[in-house]
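Just below is one structure, and these are the notes that go with it.
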Amino acid sequence: MEAQVASWDEERAERSVAVLKAVADPSRYRLLWALGERELPVSRLAELIEAHVAATSQHLAKLRAAGLVASRREGTRIFYRVTGPQVRALLESAVLATDEAVAAGDAAAAEAVQAAAAQERSAPARAAGLRRPATEH
């Protein structure tokens, strides 16, 4: 294991961090989870994450830039798929890591995971609350 980690260079580490950052958004995580099961068009993916097609396309562009998804065009529709089984393995590893922390009775780790999840859920609500109301003319 030490030899494997030692062989990583700075560029490889940066690419790995870019992949983790791409997955670190709840909507993108859900998109990858859905695409791990089957290829889907953008319109269906937008329905799954309850977002506009434009926002979904932005998420998919970030995932494609990280090398996690690929696309193909069929007429006017664009279909997406994960680039390989390693993508699903990455998502499942995240689930296992959180499950293990909870199962091990690591209260601090479990609490940190729950706090981070609660913060992610409330982020859109906080951002919406920061917007100024439209002024009447």
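The values are calculated or read from the model by the stated rules, or taken from the named source; none is laboratory data. Just so you know, these numbers come straight off a predicted model, no measurement behind them. As a convention, Cβ positions derive from the backbone with ideal geometry for all residues, glycine included, and neighbour counts pool all protein chains shown. Please note that ligands, DNA and RNA were not included when accessible areas were found on the heavy atoms of the full protein model with its side chains. Shrake-Rupley method; radii C 1.70, N 1.55, O 1.52, S 1.80 Å.
Tabulated data for the structure shown
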{"quantity": "Selection within the stretch 78-90 - in contact with a Pro (Cβ under 9 Å, 6 or more places away or on another chain) and exposed (fewer than 12 other Cβ atoms within 10 Å of the Cβ)", "calculated": "none"}
{"quantity": "Condition check for residue 20: closer than 20 Å to residue 91 by Cβ and open to solvent by less than 60 Å² (accessible area, probe 1.4 Å)", "calculated": "no"}
{"quantity": "Residue within the stretch 96-108 that is at pLDDT below 75 and within 30 Å of residue 43 (Cβ to Cβ) present", "calculated": "no"}
{"quantity": "In the stretch 64-81, the residues that are more than 12 Å from the chain's Cα centre (by Cα), touching a residue at least 24 places away in the same chain (Cβ under 8 Å) and within 19 Å of residue 19 (Cα to Cα)", "calculated": "65, 67, 80, 81"}
{"quantity": "Scan of the stretch 26-63 for residues that are without any contact (Cβ under 8 Å) to a residue 60 or more places away in the chain and closer than 19 Å to residue 89 by Cβ, ordered by number", "calculated": "28, 30, 31, 32, 33, 34, 35, 36, 37, 38, 39, 63"}
{"quantity": "Which numbered condition residue 55 fails, given (1) more than 17 Å from the chain's Cα centre (by Cα); (2) outside any strand (DSSP E or B)", "calculated": "(1)"}
{"quantity": "Positions within the stretch 66-77 being open to solvent by less than 50 Å² (accessible area, probe 1.4 Å) and farther than 12 Å from residue 29 by Cβ, in sequence order", "calculated": "66, 67, 69, 70, 71"}
{"quantity": "Sole exception among (1) in contact with a helix residue (DSSP H, G or I) (Cβ under 8 Å, 6 or more places away or on another chain); (2) in a helix (DSSP H, G or I) for residue 11, by number", "calculated": "(1)"}
{"quantity": "Any hit, the stretch 48-58, residues being surrounded by fewer than 17 Cβ atoms within 10 Å (Cβ to Cβ) and touching an Asp or Glu at 6+ places or on another chain (Cβ under 7 Å)", "calculated": "no"}
{"quantity": "Residues located in the stretch 24-41, provided they are open to solvent by 20 Å² or more (accessible area, probe 1.4 Å), of a type in the set (A, V, I, L, M, F, W, C) and touching a helix residue (DSSP H, G or I) at 6+ places or on another chain (Cβ under 8 Å)", "calculated": "33"}
